[in-house]
Amino acid sequence: MSELSIEGLRKSFGGTVALDGVDLHVTEGDLVAVLGPSGCGKTTLLRCTAGFERADAGSISVAGKRIDHLPPQSRRIGVVPQEGALFPHLTVGRNVAYGLRGAARRSGRVAEVLKLVGLGGFESRMPHELSGGQRQRVALARAMAPRPELILLDEPFSALDAGLRQVVRAEVAAALRADGATAVLVTHDQDEALSLAGKVAVMREGRIIQFAEPQEVYRSPADPWTASFVGDAVWIDAEVHDGSAATSLGELAADAPDGPVRLLLRPEQLCLGEGDPNATVAEVEYFGHDALVSLEFKDGRRLRARVLGSAPFSGQAVSVTVNGKARAF
Amino acid sequence: MVYLTWRTAEAGGEAIIEQLRRPRLAEMTGNTLLLAATVTAACLVVGIATAFLVSRTDLRFRAAVNLSASLPLAVPTYVAAFAWRAAFPAVEGFWISALVLTLASFPYVHLPVAAALSRSDPALEEQSRILGDGPWHTFFKVTLRQVAPAAVAGGLLCALYVFSDFGAVSILRYETFTTAIYSAWRLGFDRTGALVLASALVVLTLALLAGEWAAAAPGRKSKRENDSGRAPLRLRLGRTAPAVYVGLAGLAALSLGIPFWSLARWTLDGVSAADPAEVWAAAWTSLSLSAAAALLTVALVVPVGLYVARHRGALAAATERAVYIGYALPGVVIGLSLVFMAINVDWVYERFYQSSPLLVFGYAVLLLPLGMGAVKASAEQASPQLDRVAASLGAGPVRRFATITLPLTAPGIAAGAALVFLTAMKELPATLLLRPAGTETLATRLWTYTDVAAFSAAAPYAALIVAVSAVPIWLLSRNIERSGP
């Protein structure tokens, strides 16, 4: 059982509070993303877990055992750093074998993990002969090889360029799943967190604001800040009466007590149709696979919609309807 | 070392004030500053011109010009001075000192400026030309601005070099601080006089260092760099070409031709005149003293270098600066302060005064920064990140040091040791002050023979020193070729 359990973790640097009472529970075999803007404390959380930094208060346990007093080498936690950090003087094979002892080195584990990350047969290459994506996957194989209780990934894809990033991400997630590893991925990239992780912990100012599955974080964010951080948001101020709010988009179902609210919609919830026009297209940003359309309603309000396929033209009168529920704050 | 200098200066007491009033100090300051200013100005003109010709014109034989503008570093100034005196025994004084020092130290401007030119973004010059400025305007308004920090740093280095030079000026009979300090100590046994002069020289040196740090401040560096690897606009030399080639040939003849010709002539002469046993004895002394200095320096530098590379704190920065100040301090000053320490502290006097260990220690203090630079650079290769990853893979501190830190820093440590070894081989002023009676190194033999105009006896020593000095320059230029385009 390799379960990570962090409770009440605190850490300050001088007067700056980096971790302000963090609780986090990761179940065995899960991949959890810790998502937050830079400076939110997510890297400090990772460094405290790995043992590179000592927390001021709180506890970290793995598989029910306290590890916060142990030095890094005794924690059985693997780390995949940002730039891979392969040992430049060792071959790929010896890099991966570094964490293995004695008989384990010859057990075929090295070949096995290299195959898992799609680099079977690369044992005798040197790190400088590899591409950025390959280096990152070797770093993952090296972390996985000793079968640690937990693998920590510190923004492992941020140094790769956009096209490569997506491929490497998918391969890394697949390799982690195939090995049954428990992993925590630290990132500031919303797409990465939402697409890879089984659960997402949203972090801000040293605290975890929401810990939930990606769908829930996106659909029902804990607060307006999280709503805007994890994706594009359309905000509408309205008044709720009996679970329904009157807006320029018509009556919207809203789960909130009576009174003034801010309603959250995602741009893809606004649908353009042929019916009775209630808005005109003011501007179109075309991206190929989709388009962001700025709509002007009769009351002068502007909202943005995401449209798949062919985009409308500027000045076109359209009928806008809402798909799904609005989230009220 | 600074501490040591101040301490001994304090021990000198009230007599200092009286010394300060003596006209000699003013004369020495005037002499030294005049020489430093002349040499620096000349080095700036020559060094920027050669760097520009190599990297911004359609000059041919660029590699050869580059080499001939780096090679003078291989000739220690006292060897160059010896070669000039041996060729023209009548010349001495200010102008020949300025000439020899300029020819010896203009590479300190050429190398960083050439590097800065090849790094600078050619788009800036293209913009200037496209906006209607001619090549001269572009040179002064754009190119020169871009390389200004490098040129200033190089110029300051030349000035420091002049401040600390002892061999050339003493052979060419021009009195500066260093020669005055040495003769005050050796000939007059005038302790206070030597101390005051040394302190004044330290003050001048520190003022220059402050200037260098200001010049190296990050704000002054251009952020635009040549990422594209695009070739810059090259100026056609056209009708000026013959004049340029003649000028460069003349420069090479002065800086390399005359010294080597003179050296070769006298060496041929000297092979018969010199006593081989004496030459080998001196070579052996130099060799063993330098090897000891290299070992001691490495032992001192490895922990400090690793510490500085791993910790970004104020203590690390202060340690680093302290070590570099040691480098800028003239060998005469370091030698003198160690001699004073030996004389004033009984414990040291009894055991170490005029002993080889003290001389080796002096070398180590003087050359610490050389080893330090090498160790620090390679310790940065072994980044703390790698250490942490190794820890997360279950490696304890001992295994981490043995398998990660040591293999990654070993080449740098070896390079640092080699550099210290080769530099100690040619050190002159500190050796003169600290050596035990009767100990002769290659450098001291050369100096003594030149002093009595026994040129053919001195020549074999000069040739050996040049051979030893060429090695680090060769390594240096190989590194530059590797890192630059």
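The values are calculated or read from the model by the stated rules, or taken from the named source; none is laboratory data. This is a predicted model, so every value here is computed, not measured. Cβ: placed from backbone, ideal geometry, glycine included. Neighbour counts: every protein chain shown.
One residue stands out among those in region B:39-62 that are within 18 Å of B:Ser255 (Cα to Cα) and of a type in the set (S, T, N, Q): the one that is nearest to the chain's Cα centre (by Cα), which is B:Thr40.
Per-residue answers, yes or no, for (1) buried (at least 17 other Cβ atoms within 10 Å of the Cβ); (2) not charged (D, E, K, R):
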residue: A:Ala162; (1), (2): no, yes
residue: A:Val168; (1), (2): yes, yes
residue: A:Arg177; (1), (2): no, no
residue: A:Gly180; (1), (2): no, yes
residue: A:Val186; (1), (2): yes, yes
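Of the residues A:Pro267, A:Pro221, the single one that is assigned by the TED database to the domain that holds A:Leu35, within 29 Å of the chain's Cα centre (by Cα) and either more than 30 Å from A:Ala201 (Cα to Cα) or not polar (S, T, N, Q) (or both) is A:Pro221. Residues in region A:188-223 that are farther than 18 Å from A:Leu4 by Cα and outside any helix (DSSP H, G or I): A:His188, A:Asp189, A:Arg204, A:Glu205, A:Gly206, A:Ile209, A:Ser220, A:Pro221, A:Ala222, A:Asp223. Per the listing A:Ala328, A:Ala282, the residue uniquely out of contact with any Phe, Trp or Tyr (no Cβ under 7 Å at 6 or more places or on another chain), within 28 Å of A:Ala33 (Cα to Cα) and in contact (Cβ under 8 Å) with a residue 12 or more places away in the chain is A:Ala328. Candidates in region B:389-401 are the residues that are assigned to a helix (DSSP H, G or I) and under 16 Å from A:Ala97 (Cα atoms); of these, the one that is farthest from the chain's Cα centre (by Cα) is B:Ser392. Taking every residue in region B:392-411 that is more than 10 Å from chain A (Cβ to nearest Cβ) and pairing it with any residue that is assigned to a helix (DSSP H, G or I) and modelled with pLDDT of 85 or more, at least 6 positions away or on another chain, the pairs with Cβ-Cβ distances below 7 Å are B:Thr405/B:Asp387. Scoring A:Arg101 on the criteria (1) surrounded by fewer than 17 Cβ atoms within 10 Å (Cβ to Cβ); (2) among the charged types (D, E, K, R); (3) modelled with pLDDT of 90 or more leaves a single failure, condition (3). Examine region A:45-68 for a residue that is within 24 Å of A:Val230 (Cα to Cα), modelled with pLDDT of 90 or more and surrounded by fewer than 17 Cβ atoms within 10 Å (Cβ to Cβ), and state whether such a residue exists. No, region A:45-68 has no match at all. Looking only at residues that are charged (D, E, K, R) and part of a helix (DSSP H, G or I) in region B:402-454, which one is surrounded by the most Cβ atoms within 10 Å (Cβ to Cβ)? Only one residue fits best here, namely B:Arg445. Touching a Ser or Thr at 6+ places or on another chain (Cβ under 6 Å) and more than 13 Å from chain B (Cβ to nearest Cβ): is that true of A:Ser107 in this structure? Considered against the rule, which asks whether it is touching a Ser or Thr at 6+ places or on another chain (Cβ under 6 Å) and more than 13 Å from chain B (Cβ to nearest Cβ), A:Ser107 comes out as no. Among the residues of region A:117-129, those that are touching a residue at least 40 places away in the same chain (Cβ under 8 Å) and surrounded by fewer than 21 Cβ atoms within 10 Å (Cβ to Cβ) comprise A:Gly118, A:Pro127, A:His128.
In region A:34-74, of all residues being in contact (Cβ under 8 Å) with a residue 60 or more places away in the chain and within 12 Å of chain B (Cβ to nearest Cβ), the one that is nearest to A:Met203 (Cα to Cα) corresponds to A:Leu46.
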